[in-house]
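The block underneath contains the structure these notes are about, expressed in structure tokens.
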Amino acid sequence: MPDRENVIKYSGTVGDITFDETLDNADFKKCGPEKWRHFSFQYYQGSKEFSYKGEKIAVTEKLKKENIYSEKKISGYITVRFLVNCEGKTGFFRLQHMSPDLKDTVLDEELENKLLQFTKPLNGWMPKEIKGLKVDYYQYLTYKIENGKVSEVLP
């Protein structure tokens with residue numbers, strides 16, 4: 001029989017984001033029946049489209065208007081990963097940064113913070129349904145940085 005302490009310290013699914021009171025808004029809630037709250041889908045499950053009102057181009061256009069850039073001529077990738085709940089609200093934001101050759105490295109903390117602050121208020125995320133049930137899902141936006149400027153938004 002597994003030791004309860006060892007079972008609790010592992011996420012329900014690889015890559016799950018657990019609540020961190022220093023980073024996360026306590027008002028953000030996962031949805032669905034209690035038995036589902038320990039599991040969230042990935043952005044590509046249920047439907048294949050980019051689930052944002054206006055699609056990815058709407059995010060890209062908003063980003064262009066913000067004119068976010070780094071004074072440093074850095075290149076690499078900054079990924080903001082987060083959870084979209086069944087109401088389309090977002091929370092549990094986490095950052096990852098990589099060099100152009102995909103090695104973990106800090107590129108520019110100020111730029112990372114600007115991109116995080118840009119991503120958090122995006123409010124066009126659409127709830128997903130799988131087999132008629134609205135579900136929580138993980139989404140990410142990866143900002144490709146070339147010479148200090150965002151050149152592309154992925155996926």
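The values are calculated or read from the model by the stated rules, or taken from the named source; none is laboratory data. Fair warning: this is a prediction, and the values are worked out from it, not measured in the lab. In this analysis, Cβ positions are derived from the backbone assuming ideal geometry, glycine residues included, and neighbour counts consider all displayed protein chains.
Among residues of segment 49-91 being modelled with pLDDT under 90 and aromatic (Phe, Trp, Tyr), the one that is farthest from Gly124 (Cα to Cα) is Phe50.
Could you check segment 113-148 and list, in sequence order, the residues that are part of a loop (DSSP other than H, G, I, E, B) and loosely packed, with under 13 Cβ neighbours inside 10 Å? Correct list: Pro121, Asn123, Lys131, Gly132, Asn147. Within segment 76-107, the set of residues being part of a loop (DSSP other than H, G, I, E, B), on the phi < 0 side of the Ramachandran plot and surrounded by fewer than 17 Cβ atoms within 10 Å (Cβ to Cβ) comprises Glu87, Ser99, Pro100, Asp101, Lys103, Thr105, Val106.
Being free of Cβ contacts under 8 Å to residues at least 60 places away in the same chain, over 14 Å from the mean Cα position of the chain (by Cα) and not in a strand (DSSP E or B) is a property that Lys65 has. The residues of segment 50-99 that are within 22 Å of Lys30 (Cα to Cα) and of a type in the set (Asp, Glu) amount to a single one, Glu87. Evaluating Glu110 against the criteria (1) in contact (Cβ under 8 Å) with a residue 40 or more places away in the chain; (2) over 15 Å from Asn123 (Cα atoms); (3) out of contact with any Leu (no Cβ under 9 Å at 6 or more places or on another chain); (4) assigned to a strand (DSSP E or B) leaves one unmet condition, (4).
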